[in-house]
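Every read-out reported here was derived from the displayed coordinates using simple, explicitly stated rules and does not represent laboratory data. Everything numeric in this text was worked out from a predicted model, so none of it was measured. Cβ: placed from backbone, ideal geometry, glycine included. Neighbour counts: every protein chain shown.
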Amino acid sequence: MKKLILFILLVSITLPKVYAQDDLMKMLDNETRNDKKKRDYATATFKTSRLINGHSIENVAAGVLDFKISHRFGMVNKGSYELFGLDQATMRMGLDYGLSNRLMIGVGRSTFQKQYDAFGKFKILRQATGGRSPSPISISAVSTVMLKTLKWEDPKRKNYYTSRLSYSHQLIIARKFSEGLSLQLMPSFVHANLAREVTEPNDFFALGAGGRIKLSKRLSFNVEYYHVLPISLVEGESYRITGTKNSLAVGFDIETGGHVFQLHFTNSTGMTEKTFITETTGDFFKGDIHFGFNISRVFTIKKKKK
Amino acid sequence: MKKVFFGFLFCMLVSFADAQTIYMTKTGKVSFSSQAKSPEKVEADNNEVSSVFNSQSGEMVFAILVKSFHFASALMEEHFNENYAESNKYPKSTFKGKINNLSAVNFSKDGAYPVNIEGDLTFHGVTKKVISTGSLTIKAGKINAFSKFQLKLKDFKVSIPSLVADKISEEIDIVVECNYELKK
């Protein structure tokens, strides 16, 4: 009897395992468990590199060229004589290019103020799970320089080339909360070399907030708002240009393969940081609203190695 | 006591022999392409496929991280993950199958052997029976497995909007290639 027990015991210890498919799967899971801890970046927090007027957390990928055409029509409260603003339009054409997956650059030309702009945008931190340093948020930095080329208002006085320049610096802090919801904050600083009046500031501080709710796989609803903060660096100067309002925009992103169409309503006329953050004159709630759209078409210039 | 000892030895041997039949890879390749007549070809590779193969029973399983499919175009890859494969919702694709004509393969002799494979493929949360042909090539104790087959997107509830219907065909070509080594 003892022998028998011993035998059964030994057999049960050394009995060849019968590998059914499920056991094979378990074996595979065990083997690949470590691989699962690989860093996994949050992707597609927004559909394109612009939220509405300003930048979103997204970059174009390395080697990708993004051609952007943006329009803002006149104000819808101008009535049927102006076909609710459609008779007027300002436009910005721009080219964005991804130098790497973290760094992109872009240039643009707006009809508004005959303005040229150029920017650089760098991903400092990327939202990720797993790996050695998971992060709940993404952070990017964008710096833009804008050059106004309208004829001098007063050609008789001494005008400096540098008076045409203004700059903006933004941090973008974003989180993709779920497939459907992404939010971002945009602390911003704008500097204009020339102010219109002595009492008007050269330096502006603003906090932007925005987000999107996905309505379907290819359609999302976006909101973007910039609040100019009451911070003045020089005594006696106001913190904002007299008569300006905070920029508000609501719109939809529609994605169709290589294109993204953004349709929106905003009280801002300009499409560069200096113009929409500090020079928005329309009152959104009095109907000073521009209908507008951005069209983005991407071209893969440099194929990445597979 | 002798009997017990031999019994024990026998079992040891069997279990040892059994261990010799498990083959594995973590760098298997799965690629797919769409035959649609579009200038931009939709194709992607995944070189991080893990698979285990039991040469005694003919059973084989695959586990594939959907996010590891890489496209030449970054935007295509984003759309694949976001809109079609929904890889956040369904991160893993698996295949559990079996070689039906295992007796035709002689694992101790080098050579190429045609095989028939049958099993359940799970992708996009849908499990479907797949039957395919392929080959096993035995060389110096290593096994190369190759198979090519077609899947219908419809079967896996992947819907193509009419707007891009001319860019993606309903049938997708799948190519699988694994170089198995004995599992240690």
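Please compute the net charge surrounding A:Lys151, taking Lys and Arg as +1 and Asp and Glu as -1 over other residues with Cβ under 12 Å from its Cβ.
Working: positive: A:Lys114, A:Lys148, A:Arg164; negative: A:Glu153, A:Asp154.
Surrounding charge for A:Lys151 is +1.
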For this session: Would you compute, from DSSP H runs of 4+ residues alone, the mean residue ellipticity of the protein assembly as shown at 222 nm, taking -39500 (n - 2.57) per run and dividing by the full residue count, rounded to the nearest 500?
Result: -3500 deg cm²/dmol
Exercise. Angle, helix B:2-19 long axis vs. longest principal axis of chain B, Cα atoms, 0 to 90°, nearest 10?
Worked result: 20
For this session: State the Cα centre-to-centre distance between region B:79-158 and region A:232-246 in whole Å.
Result: 67
Problem set entry | Charge sum, other residues only, whose C-beta stays under 15 Å from B:Glu118's C-beta, Lys/Arg counted +1 and Asp/Glu -1 | +2
Seminar exercise, completed: Taking every residue of A:250-262, the Cβ atoms of other protein chains inside 10 Å of its Cβ average out to 2
For this session: Could you grab the relative contact order for region B:43-156? Cα pairs under 8 Å, six or more apart, rounded to a whole percent.
Result: 19
Seminar exercise, completed: Inter-chain shielding metric for B:73-84, i.e. average beta-carbon neighbours from other chains within 10 angstrom, reads 6
For this session: Before anything else, pin down the relative contact order of chain A: Cα pairs under 8 Å, at least 6 apart, normalised by residue count, whole percent.
Result: 17
For this session: Calculate, for A:Asn77 and A:Ser216, the FRET efficiency according to 1/(1 + (r/R0)^6) with r their C-beta to C-beta distance and R0 41 Å; round to the nearest 0.05.
Result: 0.85
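List the relative contact order of region A:134-231 as a percent without decimals, with contacts defined as Cα pairs under 8 Å and 6+ residues apart. It would help to have the intermediate numbers written out before the result.
Values: 181 pairs, mean separation 21.0, N = 98.
RCO, region A:134-231: 21 percent.
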Exercise. When the Karplus curve 6.51 cos²θ - 1.76 cosθ + 1.60 is applied with θ = phi - 60°, which whole-Hz ³J(HN,Hα) does each residue of region B:133-141 get, with x for Gly and Pro?
Worked result: 10, x, 9, 10, 10, 9, 8, 6, x
Exercise. Near A:Met104, within a Cβ-to-Cβ distance under 13 Å, what is the net charge of the other residues, with Lys and Arg +1 and Asp and Glu -1?
Worked result: +2
Problem set entry | Inter-chain Cβ neighbour average for residues A:24-30, partner chain, 10 Å | 6
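Would you please name the trypsin sites (Lys or Arg not before Pro) within region A:99-159 that are DSSP coil residues with at most 16 other C-beta atoms within 10 Å of their C-beta?
Loop-located and lightly packed - A:Arg102, A:Arg132, A:Lys151, A:Lys156, A:Arg157, A:Lys158.
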